[in-house]
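A short reminder: the numbers here are calculations on the coordinates, not readings from a lab. Being a predicted model, the structure only gives us computed values, none of them experimental. Because the Cβ atoms are built from the backbone with ideal geometry, glycine has one as well, and the counts that use them run over all protein chains shown.
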Amino acid sequence: MLAIKIAAVFAVSLAFSDSHAQVGSVQAITIRSSWGGLGKPGNSELTINRENDRFTVKQKAIPAEQIEALLNAVRQPRVAAPQAANLGITSQWLHDHAEDAGRYATYFNYSDGAAEQKRLFRSVFTNDQTLEQRLASVYASFHTDDYPHMRVDLTLSDGTSLCVTSDSQHPFMLPWKITQGGTTTETYNANISHALLELLPSGFTNREALTDEEQYATGLLQEAAKRSSAEGDKPGSGVRWIRSYVLAEESGELGTFCVYEADSPEAIRAHAQAADLPVDEVVPIGDTVIVRPDPAPVAGS
């Protein structure tokens, strides 16, 4: 078997691009939303009209600020990839969710885990330097029996129109596709989702998907917790994860010493690269002498 010492260091990448062209004031907005899958299908429709300086839905007034918020969000620069800041994910948010997130860990039972295991898990989850990679993994996933759709048509006073659509099953229904003048751009701008959430009444189809924090925390956690174990036990990888030990480094940070059954050092390094974990050292184990099993963790230690 081989042993590997891993230090979790990741990079953050951000992407931006050109903003949408300026457009005139809103005259009308039509929002159509549907859902199909395993369960009862749903359909909703809402039309907001401008009457002089007022916006109304069936004679009910809609604050102009909400209309402007949607228009401004659509006009904002394209967000080419999920970004933590745009989604409202801060260091404080990560720390607030770290303990609850433990129930989604896949490589150990968090509630019964040793204190050092829990500390390492919380350290990984609250590491804001890994957020962009985890976000990319969340939004790259797909599951069946969940088929949402939302379309927003904005009619403007200058005679032009905007069409904003999404078929995404991901948190905030990102990404959105914005079409104007025959040109379509894709954006991960959650401000569009937030603006729509304010406009739509409770019970409107797919409204809850526009800001599903619980689902979002789950998605982040699943990626933070499962990446190494999933890669290590993947068929054909030549690597099988045996156990890990949490190390208290002199710097005060936590590291890990992991024992793998592997075909070669190259298989270990390939596994670490696939799991986005840099390798400090790979050491072959010549033999194993077990005098007694590992001691049970001391509660509260």
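With a 10 Å radius around each residue's Cβ, average the other Cβ atoms per peptide and rank 201-210, 58-67, highest first. Before the final figure, lay out each step's value.
On the way: 201-210: 16.2, 58-67: 12.3.
By packing density, highest mean first, the sequence is 201-210, 58-67.
Within 10 Å of each candidate Cβ there may be at most 13 other Cβ atoms; applying that plus a DSSP loop requirement, which chymotrypsin sites (Phe, Trp or Tyr not before Pro) in the range 57-160 survive? Let's see the in-between values first.
Values: sites: Trp93, Tyr104, Tyr107, Phe108, Tyr110, Phe121, Phe125, Tyr139, Phe142; in loops: Tyr107, Phe108, Phe142.
Passing both the DSSP loop test and the Cβ count: Phe142.
Database remark: amide H of Phe55 closer than 5 angstrom to the amide H of Ile62 (H placed geometrically; neighbours at sequence offset of 5 or more, or on other chains; Pro and chain starts carry no H).
Using per-residue counts of other Cβ atoms within 10 Å, averaged over each peptide, order 262-268, 144-150, 188-194 from highest down.
On the way: 262-268: 16.7, 144-150: 15.0, 188-194: 22.9.
Per-residue mean Cβ counts within 10 Å order the peptides as 188-194, 262-268, 144-150.
From the square roots a ≥ b ≥ c of the eigenvalues of the alpha-carbon gyration tensor of the range 14-224, which class results: rounded (a/c under 1.5), prolate (a/b over b/c), or oblate? Note, shape of the range 14-224 comes out prolate.
Distance from the alpha carbon centroid of the range 125-192 to that of the range 69-110 works out to 15 angstrom.
Packing here is the average count of other Cβ atoms within 10 Å per residue, and on that basis the peptides 180-187, 30-37, 43-50, highest first, run 30-37, 43-50, 180-187.
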